[in-house]
Amino acid sequence: MDTLRHLGPLDRLLDSAQNALTTVLGEPRAERRNPGASTPDAPLDAGQSRHSAGLMRINHTGEVCAQALYIGQAAVARDPATRAHLLEAAQEETDHLAWCADRLRELDSRPSLLNPLWYAGSWAIGAAAGLRGDGWNLGFVVETERQVEAHLAEHLQTLPEADARSRAILSVMKDDEARHADNALAAGARILPSPIPTLMAAMSTVMKTVAYRL
Ligand SMILES: [Fe+2]
Ligand SMILES: [Fe+2]
C-alpha cells in the first residue's frame, strides 16, 4: 500500500493507459470462476441467441464503463484509502468483464465495437468526479452500482428462459454490484445532487440502445 502513496501523476496516467488497453483490446482475466461454467449449455434458437448476445454485449460494455469510471477516479483520488477502495471495486468488475466476454464467445458474438469510445468517456467522467473530492468519488460509485443493479434485474427478466448460463452470470454480478454500493456508502459516499443521477441514467440508456446492436 505504501507504494500507492508515492505514485506520481505520470505513474497514474500509465496505470490508466495500461488498464484501458487490457480492458478494451486485451483479454482481462477473472480471479473467480465463471458462475455459468457449471450450468448446462441449453440450445437456443437463432432469435434467442441474438437477443442474449445483445443483452450480454450491453452488460460487457457496462463493465467497460464501470472499469473506466473507477480507474479515472483512482487516477486523481487524493486519499490512499479511497484510491484502494476504487481499485478493489475495479478488480471485481474485471471478473464481470471476463465472464461477459466468455458468454459472448459462447453465443458466437463479440463485444461492442464502440468500447474504446465508452471507455474514454467514462474515464473522463470519473476523473472529473474525482477532482471534486473523495465524497463525490464514492457517490459516483453508489449511483453507478445502483443503476447497474437495477438494469441487471431487468435483464434477468428479459433474457430467454433457456439461457441459464447468462442468467447465472448476471445473478452473481447483481449481488456484487449491490455490495459495491453498500461498501461505498459505508465508506462515506455523498448523495449526488440532481441532475447528475438523471444525466447518468440518460447516458446509460444511449449506451444500452447502441451496444445491443453494435
Ligand atoms: Fe460489474
Ligand atoms: Fe460494481
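The values are calculated or read from the model by the stated rules, or taken from the named source; none is laboratory data. This structure is a prediction, so every number in the text was calculated from the model and none was measured. No Cβ is skipped: glycine too gets one built from the backbone with ideal geometry, and neighbour counts run over all protein chains shown.
Looking across LEU131, LEU138, LEU114, one residue alone is touching a helix residue (DSSP H, G or I) at 6+ places or on another chain (Cβ under 7 Å) and modelled with pLDDT of 90 or more. It is LEU114. A count restricted to the stretch 160-208 and to residues that are over 25 Å from GLY36 (Cα atoms), more than 14 Å from ligand 2 (Cβ to nearest atom) and not hydrophobic (A, V, I, L, M, F, W, C) stands at 8. For the condition part of a loop (DSSP other than H, G, I, E, B) and not small (Gly, Ala, Ser), what is the one hit in LEU185, LEU192, LEU199? Matching residue, one of LEU185, LEU192, LEU199: LEU192. Filtered by the rule that a residue be within 16 Å of ligand 1 (Cβ to nearest atom) and either among the small types (Gly, Ala, Ser) or farther than 17 Å from ALA168 by Cα (or both), the stretch 95-122 gives ALA98, ALA101, PRO111, SER112, ASN115, TRP118, TYR119, SER122. Looking for something in contact (Cβ under 8 Å) with a residue 24 or more places away in the chain and under 24 Å from GLN73 (Cβ atoms) - is there at least one such residue anywhere in the stretch 153-170? Looking for residues that are in contact (Cβ under 8 Å) with a residue 24 or more places away in the chain and under 24 Å from GLN73 (Cβ atoms), one finds none in the stretch 153-170, hence no. Of everything in the stretch 84-105 that is buried (at least 24 other Cβ atoms within 10 Å of the Cβ) and over 11 Å from the mean Cα position of the chain (by Cα), the residue that is farthest from ASP15 (Cα to Cα) is ARG103. Kindly indicate whether ARG103 is modelled with pLDDT of 90 or more and of a type outside the set (Ser, Thr, Tyr). For ARG103, the condition - modelled with pLDDT of 90 or more and of a type outside the set (Ser, Thr, Tyr) - is met. Residues in the stretch 152-179 that are of a type outside the set (A, V, I, L, M, F, W, C) and within 12 Å of the chain's Cα centre (by Cα): LYS174, ASP176, GLU177.
Residue by residue, here is whether (1) at pLDDT 90 or above; (2) part of a helix (DSSP H, G or I); (3) surrounded by 12 or more Cβ atoms within 10 Å (Cβ to Cβ); (4) in contact with a Pro (Cβ under 6 Å, 6 or more places away or on another chain) holds:
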site: GLY26; (1), (2), (3), (4): no, no, no, no
site: GLU31; (1), (2), (3), (4): no, no, no, no
site: PRO40; (1), (2), (3), (4): no, no, no, no
site: LEU55; (1), (2), (3), (4): yes, yes, yes, no
site: ILE58; (1), (2), (3), (4): yes, yes, yes, no
site: GLN67; (1), (2), (3), (4): no, yes, yes, no
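Is it fair to say GLU88 is of a type outside the set (Val, Ile, Thr), free of Cβ contacts under 8 Å to residues at least 12 places away in the same chain, in a helix (DSSP H, G or I) and within 16 Å of ligand 2 (Cβ to nearest atom)? Here the answer is yes, as GLU88 does meet what is asked.
Return the residue satisfying two criteria in turn: it lies in the stretch 130-177 and is of a type in the set (D, E, K, R) and part of a loop (DSSP other than H, G, I, E, B), and of such residues it is nearest to ligand 1 (Cβ to nearest atom). Result: ASP163.
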